[in-house]
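Novice: Encoded as structure tokens, here's the structure I'll be asking about.
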Amino acid sequence: MTALLAEVETGGERLAESLSSSHPKPTTVVGPAGTGKSAALRHARRCIGGHTVLLEATDDNLAPVALLDGLVAGLVALGHRLPATDDADSDAWDDRVRRCEGVFRDLAGEELVVLLSGVERLERLASGGGAPGRHAGDLMSLLQRNVPRLGVSRTAGGSSTEGTVAIERHDLGHWLVDDEAWGALAPAASAVAGRGVAWRRLPALTLRLLVALADLGALPDVPPSTPLETGRMLAVEMATRRATRPTWAAWQLVAGLRGQLDDSALDVLLSDLPAGVRDEELLTRCLLFRHDGWRMHPSLREVVRNPPSAVGRLMLPPDFLREAGRRTFEHFHKEALRLRADGDPRAAAAARAAALDACAMAGDDALVERVDEELPDPYDHVGSRVASEPNRSRLAYEHACLVDEDDATALRGLADAEDGEGIDAAKVERLLRHVVALEPRDVGSHVRLVGVLLAAGRPHAAGEAFDDALRGLSGVLEEEELARRLCVPVVRVAVVAGDLPLASRAAVAARGALGVEEAQELNRLVEGLVETLEYGEFVTDDRLGTRWWMAPELLSDFDVEHRPLSRWLAARVDTVEDEAATIHYADILLPAVPDQRPERAWTTLALADLRRMSLDELPDPLPGTILEVGVYGDGAQRGSTIVRVVRGEPVRLPEPGLSLDRYVRKAA
Amino acid sequence: VTRFGKLEPDRLQVLLLGPGFGESVVVRVPGDPPGWMVVDSLLSDRRGEAQCAPLDVLDHFGAEPDLVLLTHAHADHAGGMASIVERFRERSAFGTLDLDVSTVASARVREAAQATEARAALRAIAQLPSSRRWDLHGGTRPLGDGTVTVAHPSSTRLEELLKMSSIGPNRVSSAVVVEWRGRSVLLGADLERPEWASLLTADRLCVCDPVKVPHHGSAGAFDKRWAGDRVSDPGNAQRRMLLTPFDRHPKLPDVDDANGLAGLLREVDAVHLTSVSFQTSPTANGTLSIRELRRARDAAKTNRTPLPPVLGTPTASQVTTNVKDAWLLAELGANGVCIVRGGAAHVSLTR
């Protein structure tokens, strides 16, 4: 049946009647954009009743995932349980497809109607390759294999029926004789219509191309079997005629960009071509169609990708394409930034994708890097937009991972969301290991992996992860960059996590990069912590981890009698009891030896003596106070003993970005 | 097995390690298969390729522990524990007091649990599934053909301790008793005196042999409930006391206080030390009387340039012991015969 929808409900009812009759036929709804095809499907669903699933494809890479989700939800709502599979390790997408297939097998012989709106979007994805393409193909194949009655809604005429579902051919004669639809090409369209009903039942895309051929006086005697073949025929005609060569050039340029183009983008893209091409009706009525902007059917892009040999020498020169690519990149780049600033993430993502296509046309890696730097990946955007809602954020990244299981950005985002929630450290570890396997130069993820392992109480694995990162990145990054981006953050997190051996190793690795002040400071911090734990604390925080015993901080070289400092004690007051202070000290005989730590001991002295010898006021409370005790001359009859109180600023441990105890809380 | 000699399969072994930077005990209880337990951990180094001494020992014997216990949150018992948890997380049961530190009245206990290394150990244990954790307030677990029983703290006593604001972590340390064929071994952790009085099982403690002396032989940990009484039971003198020194202030064991080593040596003939914690001159090893030990320590003091008298009389210089030399191995037979041997730094101290 054909339902050109003047009235949505009438169309829906007719569709429902067709699908639910005793001899139902595969049925389709065709019509130009905006005429209510989806609404008709929804109405048809209401008419048919409860054994109907309605799916409506969106226009992005996540469409197959969303549709499969919708299909599963629909089946469950109809009371069909998805069977479990016995392969727990299988790919999540494949697993869900298999489980749906299982439901369909169980349903054999039962009534089930699946109405699918926007199949051309799936077709576009399927022809685009990558994980979204594979998923789209899988979904189409799943439906075709299992759903004998698939209601397919198409947008503007011009979609291929090949490889989708068997649909009835429709007599599009009324469309071909619609003068308003064809403008100056109306005579050519009428000529095509006049070839008979068999011609008028050809796919709409084929008809559009045949109209173009008729306009060029090249209408074949026998209609080509596929739109692609028709397109190749038209390409030869256009490229070999001087008058239409600019239109052939426009065809090539538009084919370089996927997705829709608005008027301004089309103007920019074609601005190097002769004036008038932009409005050439062969271009606007035959090669392109309007649906949320200008679109070109994938079959026509395929013609440009694999042109007929006759036009091989008539292709645009690479420099011309590169220049058009650069120009268009600037347009979309600016658009994406504007749309993002305007808070329209979906449009911004589409503009970003077009900018990337333009990069490919321009053949310029620098432009790609610019996109990466200035425009966040759409998946990042999805994540950040819902970052305050971790569950939604994780769901968004999970979807992105389903679309492309090797999408490092989505994996990173998912790891980030999971890590922030602190539920399953093993899962975060798996995700981050996948990320660094995909992008070994992603230093941040290496550091993050070390941090997660430390938080999970796995110091050995954290050490190995650090070693792997160090090995992998040495020679790739400059020494200073390696220290700054890898070693310093690892020292920081290892110190906080109490893994001093790892902190020490990372600090040593960073030591070579002398220009990194932060690395040196952290190195000293680690040495100070180790010293405190293994040796004791005799000097203020800021001197720990240095060769502080080489010289005191406050004591002078001579006393008032010009007797030289012969010995000094670096001391810390431990306890005060019964007017006596017990001090823990390191005993330094001068001159000190750089590599020889002073011996340590304890002694108790009267508080009154301590006050008398001190040149500074003793703090209250006294325990914990750092002292320098100087022995001048022999310290007794021919000498003196002087005490100085050393006050230093406490050194704070680095603040970890995430609590190291985040997995403990959840475990508890 | 060259370092510790061959382990007799039908004897219970207690291997005491330290100090490197701490104390650890590895116990093997005969059985089919034998049971292995690690109590506390220590690191031989905190830089670079740090060595976790009990892990080295387990590798040495090709053993995997059934139980791993962290007696309390002090760095000299917790260093390296996270590595043990990581290695055996799929196999062993890990015991420690499962405390919510925010509910602990004592600031010292709270702070100790937050110190970096102790926190790392507690964090690692806390993430294990509950089936792999043993909350050490009472209870018994099998080990080889024997059992391990928590002697302290009981649930009741723990409730009281958590309300005390002035106690340190030693007061909530977990002392355990290993029992095998009628013999028992006390591992006294760092438990201090007031707590020994609270034990309901005190009558069983004074028959334990050998004993890992609590809190490195401090005067504050000495109690006849575990040390026994030579007068009422002359056989008490033969019990084996194993001890690791503490290389900080207060330097332990206490060799001067009447309740320190001197008190212990009133009740037993000998105390075995993995090493001494101060520089002696000449080097102290082998069998020494406590008087000789004091003399050696004092001689070491006089070798140093004396401090001006106003600065008091210092202790002997401290020394960090190499953990490879500092160990004791006690092998206990079912007949009660117990043989003790030790590393190069081993000292057998007598009256």
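The values are calculated or read from the model by the stated rules, or taken from the named source; none is laboratory data. As the structure is a computational prediction, the values presented were derived from the model and not from experiment. Here the Cβ is made from the backbone with ideal geometry for all residues, glycine too, and neighbour counts use every protein chain on show.
Novice: Determine which single condition B:Leu288 fails, assuming it passes every other condition in (1) under 27 Å from B:Val176 (Cβ atoms); (2) hydrophobic (A, V, I, L, M, F, W, C); (3) part of a strand (DSSP E or B).
Specialist: (1)
Novice: Could you count how many residues in the stretch A:553-574 are in contact with a Ser or Thr (Cβ under 9 Å, 6 or more places away or on another chain) and loosely packed, with under 15 Cβ neighbours inside 10 Å?
Specialist: 2
Novice: Within the stretch B:203-222, does at least one residue satisfy the condition of being in a loop (DSSP other than H, G, I, E, B), polar (S, T, N, Q) and surrounded by 22 or more Cβ atoms within 10 Å (Cβ to Cβ)?
Specialist: yes
Novice: Of the residues A:Val593, A:Val643, A:Val664, only one is farther than 19 Å from B:Thr313 by Cβ, free of Cβ contacts under 8 Å to residues at least 60 places away in the same chain and within 13 Å of chain B (Cβ to nearest Cβ); which?
Specialist: Working: A:Val593 fails: within 13 Å of chain B (Cβ to nearest Cβ); A:Val643 fails: farther than 19 Å from B:Thr313 by Cβ.
The unique qualifying residue is A:Val664.
Novice: Enumerate the pairs (first residue in the stretch A:559-570 and within 13 Å of chain B (Cβ to nearest Cβ); second residue anywhere and in a strand (DSSP E or B) and aliphatic (A, V, I, L, M)) with beta-carbon separation below 6 Å, excluding pairs fewer than 6 apart on the same chain, so at least 6 apart or on different chains.
Specialist: These pairs meet every condition: A:Ser566/A:Val631; A:Arg567/A:Leu589; A:Arg567/A:Val631; A:Trp568/A:Ile588; A:Leu569/A:Val629.
Novice: Shifting gears a bit: Tell me, which strands (runs of 3 or more DSSP E) lie completely within the stretch A:564-668 with 3 or more residues that are among the small types (Gly, Ala, Ser)?
Specialist: Working: elements: A:565-577, A:580-589, A:599-606, A:626-633, A:639-646.
Strands (runs of 3 or more DSSP E) meeting the threshold: A:565-577, A:580-589.
Novice: Related question: Hey, could you check the stretch B:261-299 for residues that are of a type in the set (Ser, Thr, Tyr) and in contact (Cβ under 8 Å) with a residue 40 or more places away in the chain and say which is farthest from B:Gly18 (Cα to Cα)?
Specialist: Among residues in the stretch B:261-299 that are of a type in the set (Ser, Thr, Tyr) and in contact (Cβ under 8 Å) with a residue 40 or more places away in the chain, the one farthest from B:Gly18 (Cα to Cα) is B:Ser289.
Novice: Can you name the number of the only condition in (1) surrounded by fewer than 16 Cβ atoms within 10 Å (Cβ to Cβ); (2) more than 26 Å from A:Pro564 (Cβ to Cβ); (3) of a type outside the set (S, T, N, Q) that A:Arg611 fails?
Specialist: Only one criterion in (1) surrounded by fewer than 16 Cβ atoms within 10 Å (Cβ to Cβ); (2) more than 26 Å from A:Pro564 (Cβ to Cβ); (3) of a type outside the set (S, T, N, Q) is unmet by A:Arg611, namely (2).
Novice: Here is a further query. Report yes if B:Ser232 is hydroxyl-bearing (Ser, Thr, Tyr), at pLDDT below 95 and either out of contact with any Gly (no Cβ under 8 Å at 6 or more places or on another chain) or more than 27 Å from A:Glu531 (Cα to Cα) (or both), otherwise no.
Specialist: Yes; evaluated as a whole, the condition is true for this residue.
Novice: Which of (1) at the interface with chain B (Cβ under 8 Å from one of its Cβ atoms); (2) more than 20 Å from A:Asp634 (Cα to Cα) does A:Asp609 not meet, given it meets every other one?
Specialist: (2)
Novice: Looking at B:Arg119, B:Arg132, which is the one that is basic (Lys, Arg) and touching a strand residue (DSSP E or B) at 6+ places or on another chain (Cβ under 9 Å)?
Specialist: So the residue among B:Arg119, B:Arg132 that is basic (Lys, Arg) and touching a strand residue (DSSP E or B) at 6+ places or on another chain (Cβ under 9 Å) is B:Arg132.
Novice: Tell me, yes or no, whether the stretch B:15-38 has at least one residue that is within 14 Å of the chain's Cα centre (by Cα), part of a helix (DSSP H, G or I) and buried (at least 23 other Cβ atoms within 10 Å of the Cβ).
Specialist: Looking through the stretch B:15-38, none of the residues is within 14 Å of the chain's Cα centre (by Cα), part of a helix (DSSP H, G or I) and buried (at least 23 other Cβ atoms within 10 Å of the Cβ).
Novice: Exactly one of these conditions fails for A:Asp221: (1) farther than 15 Å from A:Leu287 by Cβ; (2) within 41 Å of the chain's Cα centre (by Cα); (3) not in a helix (DSSP H, G or I). Give me its number.
Specialist: For A:Asp221, the failing item is (2).
Novice: So is B:Ala63 in contact (Cβ under 8 Å) with a residue 12 or more places away in the chain and not in a helix (DSSP H, G or I) or not? Show your work before the answer.
Specialist: Details: in contact (Cβ under 8 Å) with a residue 12 or more places away in the chain: yes; not in a helix (DSSP H, G or I): yes.
Yes, satisfied.
Novice: Continuing with the same structure: Check the stretch A:543-551 and report whether any residue there is touching a Gly at 6+ places or on another chain (Cβ under 9 Å), of a type in the set (S, T, N, Q), within 20 Å of A:Leu529 (Cβ to Cβ) and more than 12 Å from every other protein chain (Cβ to nearest Cβ).
Specialist: Checked against the condition, which is being touching a Gly at 6+ places or on another chain (Cβ under 9 Å), of a type in the set (S, T, N, Q), within 20 Å of A:Leu529 (Cβ to Cβ) and more than 12 Å from every other protein chain (Cβ to nearest Cβ), the stretch A:543-551 yields at least one hit.
Novice: Which residues, counting only those in the stretch A:336-367, are more than 23 Å from A:Pro132 (Cα to Cα) and touching a residue at least 24 places away in the same chain (Cβ under 8 Å)?
Specialist: A:Leu337, A:Arg340, A:Ala362, A:Gly363, A:Asp364, A:Leu367
Novice: Considering only the stretch A:319-341, I want to know if a residue exists there that is outside any helix (DSSP H, G or I), of a type outside the set (Lys, Arg) and either over 29 Å from A:Ala243 (Cα atoms) or out of contact with any Gly (no Cβ under 6 Å at 6 or more places or on another chain) (or both).
Specialist: No, the stretch A:319-341 contains no residue that is outside any helix (DSSP H, G or I), of a type outside the set (Lys, Arg) and either over 29 Å from A:Ala243 (Cα atoms) or out of contact with any Gly (no Cβ under 6 Å at 6 or more places or on another chain) (or both).
Novice: Could I ask something else about it? I'm trying to understand the selection: among the residues of the stretch B:271-284, which are touching a helix residue (DSSP H, G or I) at 6+ places or on another chain (Cβ under 9 Å) and modelled with pLDDT of 90 or more? Reasoning before the result, please.
Specialist: Residues of the stretch B:271-284 touching a helix residue (DSSP H, G or I) at 6+ places or on another chain (Cβ under 9 Å): B:271, B:273, B:276-284.
Across the stretch B:271-284, the qualifying residues are B:Val271, B:Leu273.
Novice: Follow-up. Identify the single condition in (1) crowded, with 21+ Cβ neighbours inside 10 Å; (2) within 14 Å of chain A (Cβ to nearest Cβ) that B:Ala151 does not satisfy, given that it satisfies every other one.
Specialist: Among (1) crowded, with 21+ Cβ neighbours inside 10 Å; (2) within 14 Å of chain A (Cβ to nearest Cβ), the lone unmet condition for B:Ala151 is (2).
Novice: Among the residues of the stretch B:173-180, is there at least one that is of a type outside the set (A, V, I, L, M, F, W, C) and either assigned to a helix (DSSP H, G or I) or within 30 Å of A:Arg492 (Cβ to Cβ) (or both)?
Specialist: no
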